[in-house]
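Bear in mind these aren't lab numbers, they're just calculated from the coordinates by the rules spelled out. Treat the numbers as computed from the prediction; the structure is a model and nothing was measured. Methodologically, a virtual Cβ is constructed for each residue, glycine included, from the backbone with ideal geometry; neighbour enumeration extends over all protein chains shown.
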Amino acid sequence: MKQVTLGATGLRISPLVYGTLPLGPLQAQLAPEAGGRLIRHALEAGVSMLDTAELYDTYGHIKAGLNGYRGDVCIATKTHANDGKTARLHVEKALRELGRDCMDIVLLHGARIADPFTERAEVLETLLHMKEQGLIRHVGLSSHYICAVKKAAGFPEIELIHPLINRTGMGILDGSAKEMAVAIAECSLAGKGVYAMKALAGGNLIGEARASFRYVLGLEGVRAVAVGMLSEEEIDGNVALFSGQSLDESVWQELESRRRRLVIMERFCKGCGFCVPACTNNALEVTEGKAKVNEDDCILCGYCAASCPEFMIRVV
Ligand code: SF4
Ligand code: SF4
């Protein structure tokens, strides 16, 4: 697969980034070995960047996928810590569990933080200090907010942006896809490396996957897209698409006919409401003692699953 450059970082990566969130306990709950086999399949097909996060709990899957692999692989993780001490612990855990001396990329996991530069100033400071110590190569920001992406353009310390963008704008918390595209272009002009997320709105746009990926890849400044993949067929289809190769129409029709959804096992839901504030998109509420999802607003990110003490939420 061709390689692209992530802004001024100079990092050379494949435009298809393996998003590992769906492999882990928040979604498909694959064993590390099974997830590792999929990651390895993608690496051997030319994918050279993996995206993960402290929250995703997929370091074991990545370690398994990399075992014995000799190619260069760029790994990005994220910390959702509220304070510097926890952020340091998150990065140290990533280094330990991935068996690395230095993380290629650590992002401040700012999905639903409107102003991470104020609200997570201590975390940012800690990440930059860890960069000085040689434990992190590049520091960046992931966000579902246009205002945060816009603000990042003026912060030279932020070298990478991982913004939420898709054709419909689903999941963007403060505006439209068009406005996010403008903010992304501003970041790119300022030298930030941009790799996008949620091009398929967590699976909601899977029926128009090809058009949805092409839309995001065609945006000014977007160099790569993180895509969660759960089968070899899906990986092969996306590798072909991102490489500009043709793929059998019937294979794509099959891939685009898959459906994913959020399942709340109502029978066992205690109605505690812990999942409601965990939702990035205000898609959950508790009514008559049970959590309910508004499917029109759900981007299938799976973040609510991590907040349920009863383990009653799954993306399937
Ligand atoms: S309901 Fe859960 S999966 Fe859906 S958007 Fe909210 S946090 Fe994400
Ligand atoms: S956190 Fe779990 S148990 Fe509590 S309301 Fe949500 S789904 Fe139900």
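Which Cα, out of Y215, L50, S142, lies furthest along the positive dipole direction of the range 4-256 (beta carbon charges, K/R +1, D/E -1)?
The one lying farthest along the dipole's positive direction is S142.
Once you measure Cβ to Cβ distances between cysteines in the chain, which Cys have no partner under 4.7 Å?
Those would be C74, C102, C147, C187, C269, C272, C279, C298, C301, C308, since no other cysteine Cβ in the chain comes under 4.7 Å of theirs.
Placing +1 on the Cβ of each Lys and Arg and -1 on the Cβ of each Asp and Glu in the chain, which of G19, Q245, C275 has its Cα farthest towards the positive end of the resulting dipole?
G19
Provide, as a two-decimal number, the C-alpha radius of gyration of the range 262-315 over 2.2 N^0.38 Å, N being how many residues it has.
0.95
In µm²/s, what is D for the chain at 37 °C and 0.692 mPa s, where D = kT/(6 pi eta Rh) by Stokes-Einstein and Rh is the Kirkwood radius from Cα pairs?
Rounded to a whole number, D works out at 168 µm²/s.
Using a Gaussian network for the chain with springs between C-alpha atoms less than 10 Å apart, which of these wobbles most: A28, A111, A196?
A28
Which semi-axes, in whole Å and largest first, does the equivalent ellipsoid of the range 196-289 have when worked out from the alpha carbon gyration tensor as the square roots of 5 times its eigenvalues?
Gyration-tensor ellipsoid for the range 196-289: 33, 17, 10 Å.
Can you count the Lys pairs in the chain whose Cα atoms are under 17 Å apart, with each pair 8 or more apart or on different chains?
Eligible lysine pairs with Cα atoms under 17 Å apart amount to 17.
If the chain between S176 and R12 were fully stretched, how many nm would it gain, using 0.36 nm times the residue separation less the Cα-Cα distance?
Length gained between S176 and R12: 56.1 nm.
Beta carbons within 10 angstrom, averaged per residue: use that to sort the peptides 136-146, 271-281, 241-251, highest first.
136-146, 271-281, 241-251
How large is the translational diffusion coefficient of the range 4-125 in µm² per second when you combine the Kirkwood radius over alpha carbon pairs with Stokes-Einstein at 25 °C and 0.890 mPa s?
Here the translational diffusion coefficient equals 164 µm²/s.
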